[in-house]
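Let me begin by presenting the structure, written as structure tokens, before commenting on it.
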Amino acid sequence: MKKLILVSAFLVGILLLSACAGAGGSLAPSDVTFDISIIEIKGSTDKLDPPEVDPASLSKGYGYTGPGKFNSENPAQWQVSTYLFSPAALTAGRGDRITLRIFVVNGDTHIVHLEAPDGSRVQELVLNRGNEYSISFTPDQSGYYTLQCENHGPTMQAMILVLP
């Protein structure tokens, strides 16, 4: 229910921005800073059967340690994990000066690139655990800009929707 309310509020905001722009009004470009963390989430259980397909075969961003390998004291226990950007959905306006301030909590090294809606690469960085990095750019295209980790893709990505 909470997700539905957040998504609804997000969509209402987009509609209001579109209505203002469509009615001849516009929002002046501004400086926008987003704080993003690179994190790894892990979960283990011995109450369920392990997955039929090894999650690590689905994405380099997923991890899996099977029964008998994860916990020698509990041979039925297994673990899954995933790397991600948090938050992973952002919105800004075309012409805004966007700064992504990224802090690496988990994972020793992440090779990351920012891709524009037309597929061109805006920036590339190597990010290491325990450090903060900044990526700044002014989008000249509307659409989705993708922040993608090359060593944990395709699932470790963030999307920045740039409105006209």
Out of the residues in the range 38-83 that are surrounded by 15 or more Cβ atoms within 10 Å (Cβ to Cβ) and of a type in the set (Ser, Thr, Tyr), state the one that is farthest from Arg101 (Cα to Cα).
Thr65
Which residues, counting only those in the range 69-126, are within 16 Å of the chain's Cα centre (by Cα) and charged (D, E, K, R)?
Arg101, Glu115, Glu124
Identify, by number, the condition in (1) under 15 Å from Cys149 (Cα atoms); (2) in the same structural domain as Arg129 (by TED's automatic domain parsing) that Asp35 doesn't meet.
(1)
Give me the pairs: first residue in the range 128-143 and assigned by TED's automatic domain parsing to the domain that holds Ala116, second residue of a type in the set (Asp, Glu), beta-carbon distance under 6 Å, and six or more apart or on different chains, which are they?
Arg129/Asp108
Evaluation of Thr33 against (1) surrounded by 14 or more Cβ atoms within 10 Å (Cβ to Cβ); (2) assigned to a strand (DSSP E or B) (one fails), failing number:
(1)
Every residue in the range 102-118 that is closer than 17 Å to Leu161 by Cα and surrounded by 14 or more Cβ atoms within 10 Å (Cβ to Cβ), please.
His113, Leu114, Glu115, Ala116, Pro117
Spot the failing condition for Cys149; the list is (1) free of Cβ contacts under 8 Å to residues at least 24 places away in the same chain; (2) of a type in the set (A, V, I, L, M, F, W, C); (3) in contact with a His (Cβ under 7 Å, 6 or more places away or on another chain), and only one is missed.
(1)
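The values are calculated or read from the model by the stated rules, or taken from the named source; none is laboratory data. All values derive from a computational prediction rather than experimental measurement. A quick note on method: Cβ atoms are made from the backbone with ideal geometry, for glycine too, and the neighbour counts reach across all protein chains shown.
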